[in-house]
Every structure is written in structure tokens, then in C-alpha cells.
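Taking it in order: structure first as C-alpha cells, then the write-up.
The values are calculated or read from the model by the stated rules, or taken from the named source; none is laboratory data. Predicted, not measured: the structure shown is a model, and the values here were computed from it. Cβ placement follows ideal geometry from the backbone for every residue including glycine, while neighbour counts extend to all protein chains displayed.
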Amino acid sequence: KSLVSQMSMVLQDPYLFSGTVRDNIKYNHTEASDEMMTTASKAVGAHEFITDLEEGYDTYLMERGSNISHGQRQLISFARAIVADPKILILDEATANIDSHTEVLIQKALKSLLQGRTAIVIAHRLSTIRGSDKIVVVQDGQIAEQGNHDELMNKGGLYSHLYNMNFATMEAPQGAA
């Protein structure tokens, strides 16, 4: 098998083409069975919304998936990425433009989906990478620091600063003045 055939990618702005949900998930993986497609969809939390569509997996999607939400497009993109069980998964800002509900679905899915795979995750949302074995922090095109979440937090460097800044605003009590 070639290296490329063992890789899948999920981008910040997923591309879906005109065709059915089924065709979009199986795109470039025509050998994938319907069972594999359903398993992948369930794994990323997409199956429920897909089966709620008027024609389920046979629902026709307009160009770029404009007739479904951005979060739903991203879930279909994740299902497409894992339907072929890739050894390498590249996530390029894959959770940057999604709603909170979809992010929770994807975060839960990622814990199991990344087991036994090499993942390259490009993220500004640090919640996406917190559980990573190794985090590489890049600043101005250079590696600023690297380690796992706990190691980087203990260093008190750039990652720690960004993490604390990001989550301090989320954890601030409401009504505090």
C-alpha cells in the first residue's frame, strides 16, 4: 500500500460535492461497504442526524453541502476520513468553525478514533489537542516548545500562557465584575 492510501484528512472548511450523503462519505473509498460507512458515521456522531434526513444516507446534497449545516458537513467529512480506517489522520483546524454541539460530538469521537493511529493535528482550539501524546508549539514558523499537555503546562511557556488565556475566559464566573 502506498503512504497516500493510508492517510485521510479533515480540513477546516470541508468540501462536499453534489451527490448523496452515501457518495460523499464513500468518496475515494468505493470499496467501503454500507456497514463500514454506517460504523464510521456512528463513530463520529453523524449517524443520528443522517438518519433524520428525509432520505437518510440517500439524501441529495447540493454543491458544498449547502443544504445542511456547517457542523453536519464537518461530521460527514470526519466520517469520510475514517471510513477507510487510515493509519494516518491529518486534522487541519477541523474544529475551528463548528458549533459547540458538534465540537462535543467530535471531541468524544476523537478519543477512540485516534487510538492506534498517527494523527497530525493543526489547531488553535487547544481543547482539540489536550490529550495528545506530543504537542509541538510553533511560533513565527519555529518550534517554540514541545511535550505533552502536562509537561507544557509545567514549563509555564507559550503553550501554558495560551491555554490559560483560552480557558480563563471560558471558566470566568458569570456576573463577576
Check: If you take the residues of the range 148-170 that are closer than 21 Å to Ile106 by Cα and assigned to a helix (DSSP H, G or I), which of them is modelled with the highest pLDDT?
Finding: His149
Check: Does at least one position in the range 15-33 carry a residue that is out of contact with any helix residue (DSSP H, G or I) (no Cβ under 9 Å at 6 or more places or on another chain), of a type in the set (Asp, Glu) and at pLDDT below 95?
Finding: yes
Next item on the list: Only residues that are farther than 18 Å from Leu110 by Cα and touching a Ser or Thr at 6+ places or on another chain (Cβ under 7 Å): list them for the range 1-59, please.
Entry: Thr20, Val21, Ile50, Leu53, Tyr57, Asp58, Thr59
Next item on the list: Scan the range 91-123 for residues that are more than 24 Å from Ile50 (Cα to Cα) and hydrophobic (A, V, I, L, M, F, W, C) and jot them down.
Entry: Ala119, Ile120, Val121, Ile122, Ala123
Item checked: Leading residue by the ranking (modelled with the lowest pLDDT) among those in the range 133-147 that are on the phi < 0 side of the Ramachandran plot and out of contact with any strand residue (DSSP E or B) (no Cβ under 7 Å at 6 or more places or on another chain) -> Asp133
Next item on the list: Return only the number of the condition from (1) over 30 Å from Glu48 (Cβ atoms); (2) in contact (Cβ under 8 Å) with a residue 24 or more places away in the chain; (3) buried (at least 17 other Cβ atoms within 10 Å of the Cβ) that Leu162 does not satisfy.
Entry: (3)
Next item on the list: Scan the range 89-112 residue by residue and report those that are closer than 16 Å to Asp133 by Cα, at pLDDT below 80 and aliphatic (A, V, I, L, M).
Entry: Leu110
Checklist line | Residues of the range 107-133 that turn out to be in a loop (DSSP other than H, G, I, E, B) and surrounded by 13 or more Cβ atoms within 10 Å (Cβ to Cβ), as a count | finding: 8
Next item on the list: Being free of Cβ contacts under 8 Å to residues at least 12 places away in the same chain and over 11 Å from the mean Cα position of the chain (by Cα) is the filter here, so list the residues in the range 101-137 that pass it.
Entry: Gln115, Gly116, Val136
Margin query: Are there helices (runs of 4 or more DSSP H) fully within the range 1-106 with at least 2 residues that are crowded, with 22+ Cβ neighbours inside 10 Å? List them.
Written below: 21-25, 34-43, 70-82
